[in-house]
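Enquirer: Pasting a structure here, questions to come.
What follows draws every value from the coordinates through simple rules; no lab data is involved. Here the structure is a predicted model, which means the values were calculated and not measured. Because the Cβ atoms are built from the backbone with ideal geometry, glycine has one as well, and the counts that use them run over all protein chains shown.
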2 protein chains.
Amino acid sequence: MKKNYVRPLDLRHGSVDLSHGGGGRAMVQLISDVFGKAFDNEWLRQGDDGAVLPAPGPGERLVVATDAHVVSPLFFPGGDIGCLAVHGTVNDVAVMGARPLYLAASFILEEGFPLADLARIVASMAAAAREAGVPVVTGDTKVVEKGKGDGVFITTTGIGALPVGRSLSGANARAGDAVIVSGTLGDHGMAIMAQRENLAFDSEIRSDTAALHGLAAVAMAAAPGLRLLRDPTRGGLAATLNEIAQQSGVGVVLDEAAIPVDPQVAAACEFLGLDPLNIANEGKLIAVCPADEADALVAALRAHPLGARAARVGEAIADDHRFVQMKTAFGGRRMVDWLAGEQLPRIC
Amino acid sequence: MKKNYVRPLDLRHGSVDLSHGGGGRAMVQLISDVFGKAFDNEWLRQGDDGAVLPAPGPGERLVVATDAHVVSPLFFPGGDIGCLAVHGTVNDVAVMGARPLYLAASFILEEGFPLADLARIVASMAAAAREAGVPVVTGDTKVVEKGKGDGVFITTTGIGALPVGRSLSGANARAGDAVIVSGTLGDHGMAIMAQRENLAFDSEIRSDTAALHGLAAVAMAAAPGLRLLRDPTRGGLAATLNEIAQQSGVGVVLDEAAIPVDPQVAAACEFLGLDPLNIANEGKLIAVCPADEADALVAALRAHPLGARAARVGEAIADDHRFVQMKTAFGGRRMVDWLAGEQLPRIC
Ligand SMILES: Nc1ncnc2c1ncn2[C@@H]1O[C@H](COP(=O)(O)OP(=O)(O)OP(=O)(O)O)[C@@H](O)[C@H]1O
Ligand SMILES: Nc1ncnc2c1ncn2[C@@H]1O[C@H](COP(=O)(O)OP(=O)(O)OP(=O)(O)O)[C@@H](O)[C@H]1O
Ligand SMILES: [Mg+2]
Ligand SMILES: [Mg+2]
Ligand SMILES: [Mg+2]
Ligand SMILES: [Mg+2]
Ligand SMILES: [Mg+2]
Ligand SMILES: [Mg+2]
């Protein structure tokens, strides 16, 4: 009547195998020793099929956002897929104006993936969740055969509470509104690309990956008439503004000279034939607000560590074509279009 | 000033390419034409970074569950990865005693995956969500290079509302409680295995995949003292009962003769050297309730189309070892252990 023996996890030299997704002892062990220990909190400890959680306060609404993370490489200057998976989803909840409350996390592991790498990613994820104050309350672990995945994919889903009376949406921009960015553009995407292409610079380009709900709260407090926030991830500022233009039925005119770009990012973009406006960010906000609140908003963002290089970069205009255009440094105008996406796969 | 042209999606002969995950026009088009049309609802139509949703009623708590779905093959007798991804997560919310309210869905697509297959899967998912009354309110779409994924992986996250005063948990079972199953065991897993191994039977083994919140409501109404519900997915009844035994600090004794198994499933299991107790189900509930409520519970389940073959199959006992055992048809006893998981990868 002896129970099957499961050997202890070898977190130094071991690797993921198919039994870690099979629903048996090996899976239970991986979940408890790797995920459970790192994410530990009262809800996860319940160990049931779902987490039972306090709901938002009276009159508040729920905000739910989900993102799969498939970034390659898994580790990059400034972060890794683990913290990115926390930040990305926290930010999608935060830009809706909500307080992020809880995260669910599902993992698709490839057979053969080193347990040491997994543990490092999970530790980074747990640290990011703790720092953001948003616990991972439930999860899932699947394993696919070697060659049917790529190390690890992580889907996070965020749940937040939207305070009574608040409404931010990409559909709220109006002609005359100011367009503001919270800092330099293109850092995350170029950190990934530079590592992939083995570009060498004087100093490393680092991802800006960060949780932005603190910065979003600052923005909402500084600009009571705030129309919307967005995190310009895949497709960069260009895609985000085109989306907003479509949703709101306005045009946008940017001022190239006002757009903050790190000189190394600019150099890398030029080298690779890319435009920083098309490159993904993971720690930046776009804000649209009434013109008369723009100065206060920029000042408030600049006073926050994550918004030091905030700038007013353009305005929404009446335009039935819903074009996004840019006044160039040379005094001309050009269209700012979505990029055709093949060039930058697996950036987040 | 003409905008980049994006050719229409060829849903018959086209396939997924890297641009469908790149954050540009091709992605927006795929999301709106394939996912948006199929899942259509007021929340998804908002088109923002997260969905803004009514919260549960006063005093209710949230229940959140998440599962990645990596089943292979993608289409199988009785279902496909699309409806499975809805049912699996709805069921994890339902077994907590909650009303499932919303789903988030994230897709990891492999470059080259036929759009026709994707559309079929999404249609099945949309139909399952509609039938269950649980809309897909937000989503995400990523694409990985050929050979870095396997067609499509789908992670769903479910959000439900737990009525005031209700508490079901794997930790609630007590010695003397009855253990009930809602029907035959092993159907889902054997449908997948039979297809994979190309086994031929008189009639096809079909997956039992189904949304169980209706059946769960029936169980809660029939047995006011209900301790817990579980869906015995990966690892089957054996894994689920071992989990419950661990959580509750009890033993379990099953009665082999009482356990319903379809004869074809039994035959396939025997052929492959598997035990139906270790095989995944996707449309069955385990219920544990006080012994004096067991008959009423079984009768109520049997009156529901998804519970026609419900049966009382065992009881919880005092046992410091927390063993799960079975009285065999021959009058002996054997241990019912977790299966080592390699044998049955990618069953859900
Ligand atoms: N990677 C993970 N991180 C944190 N918790 C996890 C992780 N994987 C699983 N869990 C937790 O472990 C418990 C068991 O998860 P499991 O996936 O086996 O349950 P299930 O969803 O009911 O089964 P299945 O996935 O077969 O449908 C749950 O409480 C779940 O939240
Ligand atoms: N597969 C899908 N099914 C349903 N809706 C989807 C799907 N993929 C994306 N969406 C919806 O499309 C909109 C845009 O999604 P997108 O992923 O581009 O936003 P994001 O998460 O802010 O960006 P990123 O994923 O780059 O961080 C959202 O409203 C999202 O809910
Ligand atoms: Mg996002
Ligand atoms: Mg699970
Ligand atoms: Mg976003
Ligand atoms: Mg599940
Ligand atoms: Mg379950
Ligand atoms: Mg997304």
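Enquirer: Name the shape class, rounded, prolate or oblate, that the alpha-carbon gyration tensor gives for segment B:137-235, where a ≥ b ≥ c are the square roots of its eigenvalues, rounded holds for a/c under 1.5, and otherwise prolate holds if a/b is larger than b/c and oblate otherwise.
Expert: oblate
Enquirer: Apply the membrane-span-like helix rule to chain A: whole DSSP H runs, Cα extent along the own long axis of at least 24 Å, mean Kyte-Doolittle hydropathy at least 0.5. List the helices found.
Expert: Values: long enough: A:115-132 (25 Å, 0.88).
Both cut-offs are met by A:115-132.
Enquirer: Same structure, new question: Let a ≥ b ≥ c be the square roots of the eigenvalues of the Cα gyration tensor of the protein assembly as shown; is it rounded (a/c under 1.5), or, if not, prolate (a/b larger than b/c) or oblate?
Expert: It is prolate, given that a/c is not under 1.5 and a/b is the larger ratio.
Enquirer: Give me a single rounded figure for B:231-238: the average over its residues of other chain Cβ atoms within 10 Å of their Cβ.
Expert: For peptide B:231-238, the averaged partner shielding equals 3.
Enquirer: Next question, about the same structure. Restrict the search to segment B:2-63; then list the chymotrypsin sites (Phe, Trp or Tyr not before Pro) that DSSP places in a loop and that have at most 15 other Cβ atoms within 10 Å of their Cβ. Before the final figure, lay out the partial values.
Expert: On the way: sites: B:Tyr5, B:Phe35, B:Phe39, B:Trp43; in loops: B:Tyr5.
Sites meeting the loop and neighbour criteria: B:Tyr5.
Enquirer: Would you mind checking the pairs A:Lys148/A:Lys284; A:Lys327/B:Lys142; A:Lys284/B:Lys37; A:Lys142/B:Lys284; A:Lys284/B:Lys148 and listing those with alpha carbons more than 23 angstrom apart?
Expert: Working: A:Lys148/A:Lys284 33 Å; A:Lys327/B:Lys142 33 Å; A:Lys284/B:Lys37 31 Å; A:Lys142/B:Lys284 21 Å; A:Lys284/B:Lys148 29 Å.
Correct reply: A:Lys148/A:Lys284; A:Lys327/B:Lys142; A:Lys284/B:Lys37; A:Lys284/B:Lys148.
Enquirer: Within 10 Å of each residue's Cβ, count the other Cβ atoms and sort A:Val64, B:Val122 from fewest upward.
Expert: Listing A:Val64, B:Val122 from fewest to most nearby Cβ atoms yields B:Val122, A:Val64.
Enquirer: Using a/c under 1.5 as the rounded threshold, could you call segment B:15-85 rounded, prolate or oblate? The axes a ≥ b ≥ c are square roots of the C-alpha gyration tensor eigenvalues, and prolate needs a/b larger than b/c, oblate otherwise. Please report the intermediate quantities before stating the final value.
Expert: Details: a/c = 2.32, a/b = 1.22, b/c = 1.91.
Here segment B:15-85 falls in the oblate category.
Enquirer: Would you work out which of A:Gln246, A:Gly78, B:Val144 lies farthest towards the positive end of the dipole of the protein assembly as shown, given +1 charges on the beta-carbon of Lys and Arg and -1 on that of Asp and Glu, about the Cα centre?
Expert: A:Gln246
Enquirer: At B:Pro224, label 7 Å along Cα→Cβ: distances to the other copies, nm, ascending?
Expert: Counterpart label points of B:Pro224 in the remaining copies fall at 5.3 nm.
Enquirer: Add -39500 (n - 2.57) for each DSSP H run of 4 or more in chain A, then divide by its residues: what number comes out at 222 nm, to the nearest 500 deg cm²/dmol?
Expert: It comes out at -8000 deg cm²/dmol, rounded to the nearest 500.
Enquirer: Just report the Cα centroid separation between segment B:129-145 and segment B:241-310, whole Å.
Expert: A separation of 30 Å, based on Cα centres.
Enquirer: Moving to a separate point now. Could you give the alpha-carbon Rg of segment A:18-162 over 2.2 N^0.38 Å, rounded to two decimals?
Expert: In units of the globular-protein estimate, segment A:18-162 measures up at 1.03.
Enquirer: Now, a different point. May I ask you to list the residues of segment B:210-230 whose amide nitrogen lies under 13 Å from a point 7 Å from Cα along the Cα→beta-carbon direction of B:Ser167?
Expert: B:227-228
Enquirer: Can you find, among A:Ile279, A:Val63, A:Cys269, the residue farthest towards the positive end of the dipole of chain A? Put +1 on the C-beta of Lys and Arg, -1 on that of Asp and Glu.
Expert: So the residue we want is A:Val63.
Enquirer: Let me confirm one metric for peptide B:163-170, namely the mean number of other chain beta-carbon atoms within 10 Å of its residues' beta-carbons.
Expert: For this peptide, the per-residue mean of nearby foreign Cβ atoms is 2.
Enquirer: If the only charges are +1 at each Lys and Arg Cβ and -1 at each Asp and Glu Cβ, what is the size of the charge dipole of segment B:18-162 around the Cα centre, to the nearest 20 debye?
Expert: That gives a dipole near 120 debye.
Enquirer: Can you compute the modelled spin-label distance between A:Glu42 and B:Arg309, with each label point 7 Å from Cα toward Cβ, in nm?
Expert: Result: 4.3 nm between the two label points.
Enquirer: Distance from the Cα centre of segment A:88-125 to that of segment A:161-217, in angstrom?
Expert: Rounded to whole Å, the Cα centres lie 18 Å apart.
Enquirer: Between the label point of A:Gly176 and that of the same position in each other copy, find the distances and list them shortest first in nm, with every label point placed 7 Å from Cα along the Cα-to-C-beta direction.
Expert: 7.4
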